[in-house]
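Everything on this sheet refers to the single structure shown next.
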Amino acid sequence: MPVSTGRQPVTTTIHSEDTRATHTARTGVWFVGARGSVATTAVAGCAALSAGLHAPDGMVTETPPFAGSGLAPLSSLVFGGHDTVSCPLPKRAEELEAGGVLPHGLSSAVRSELAAADREIRTGGPLPGDTRGDEELIDAFAAHLLDFARRQRLDRVVVVNVASTEPAPEDLHSLPPSSLYAAAALRAGCPYVNFTPSTGLRAPALQDAVAASGLPHAGRDGKTGQTLLRSVLAPMFVQRALSVRAWSGTNLLGGGDGAALADPAAAAAKNAGKNRVLTDTLGALPEGDVHIDDVPALGDWKTAWDHIAFDGFLGSRMTLQTTWQGCDSALAAPLVLDLARLLARAHEVGISGPLPELGFYFKDPDGGPAALAEQYEALLAFGSRLREAR
């Protein structure tokens, strides 16, 4: 059944009983999957950048084209979230440091910031044995968001889904967990980002609520490695009139993503986004498959290999092979910080609905071009739009 937002705006007027207090704008970032690798890396990284411990490598919103766009300062971001696991963020950061994801010494340098974020993490669900229905869960999650905004005196809260990939639902009228969290964001009046391949706001039962919410929202499935490279290479073949005969790929990864994607249904949801850029750019999906293999020993590190067969002049057969090796959490964390800031600013200036201008960040964006260069130009134009709205 369609889900009503019943939404309340997440805005806070700060004042004492007798005198209105001076208010410095603060923005909440609420992670679904708040104790996972991406969220932990984002919280630790934001604290490190705010303290001047590291340069903002990987953060597009910290580059000159976004100066003066009115984005929330990194030091003004306040973190919280939902998760179903209990490992506290400081401990998780220590594990990521031991695995080489975070630099040596960072977990202790930003321990207080990690602990503060961990205190704002609430138990998600549904957990095994949970007897609450969808409406009760949505209400509970929305109440967590509203309470977070009230206690922390936040101007707005952006919900960012960075939880493990879930299989596509077989029943299109049901709400999978990602959609329960997304519905809670609508109900609490929060802009929403889906950085995963999970259903989120795209559940058919949520479409009326999405349209009525007047909230900005963005994308599905963050583009961090193999698909990022595909969005650069596929247009090259088109522009040079080279016919692609086959495009195959393999991903080796560990960590939570590797375990989640060992489920064939979850892997299928992930691969749909990987293939979309090829279909949209080349006009049809070439022959070939993408395989995802769980290799626990790799931890948060990932190797992605592509084999591209193409025809040149007079039918000459040629190939291109690429290998991408990287740390998925370190690639994703700056992007989710970018997106949180961009969605918060869009909400502040009254922009609503899907944001195809942010397709630069997603495998499965809300429309717009598929080529990375064109997506980047659209993102720069969006930054200019935010700047002019001041």
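At q = 0.20 Å⁻¹, what is the base-10 log of I(q)/I(0) for region 191-331 according to the Debye formula with one equal point scatterer per Cα and no solvent? Please give it to two decimals. For the requested q values the scattering log ratios are -1.19. Across all directions, the average flat footprint of the convex hull enclosing the Cα atoms of the chain is 20.1 nm². Accessible surface of region 39-196, 1.4 Å probe: 53 percent of it comes from carbon and sulfur atoms.
Rounded to the nearest 500, the helix-only mean residue ellipticity at 222 nm of the chain stands at -12500 deg cm²/dmol, with each DSSP H run of n ≥ 4 adding -39,500 (n - 2.57).
Full extension of the segment from residue 314 to residue 131, taken as 0.36 nm per residue of separation minus the current Cα-Cα distance, would add 59.3 nm. Among 205, 218, 39, the largest mean-square fluctuation in a Gaussian network model of the chain (Cα springs under 10 Å) belongs to 205. Taking amide H atoms as placed 1.01 Å from N in the peptide plane, list the residues 5 or more away in sequence, or in a different chain, whose amide H sits under 5 Å from that of residue 82. Sorted by chain and number, the residues that satisfy this are 31, 32, 33, 34, 122.
Simple spin-label estimate for residue 171 and residue 50 gives 4.2 nm between the two label positions (7 Å along the Cα-to-Cβ direction from each Cα).
Relative to the longest principal axis of the Cα atoms of the chain, helix 37-50 runs at roughly 70 degrees.
In what sequence, largest accessible area first, do 50, 112, 76 appear using a 1.4 Å probe?
112, 50, 76
Close Lys pairs in the chain, defined as Cα atoms under 17 Å apart and 8 or more places apart or on different chains, number 8.
The Kirkwood hydrodynamic radius of region 118-172, based on inverse pair distances between different Cα atoms, is 13.5 Å. Subtracting the Cα-Cα distance of residue 245 and residue 104 from their residue separation scaled by 0.36 nm leaves 46.2 nm.
Once backbone amide H atoms are built at 1.01 Å from N, residue 292 has 251 as its partners under 5 Å, excluding neighbours fewer than 5 places away on the same chain.
Per residue, the chain exposes 43 Å² of accessible surface when a 1.4 Å probe is rolled over the protein heavy atoms with every protein chain present.
The values are calculated or read from the model by the stated rules, or taken from the named source; none is laboratory data. These figures come from a predicted structure and were not determined experimentally. Quick reminder, even Gly has a Cβ in these numbers, built from the backbone with ideal geometry, and neighbours come from all protein chains shown. Ligands, DNA and RNA are stripped out before the accessible areas are found, and what is left, the full protein with its side chains, is counted by its heavy atoms. Shrake-Rupley method; radii C 1.70, N 1.55, O 1.52, S 1.80 Å.
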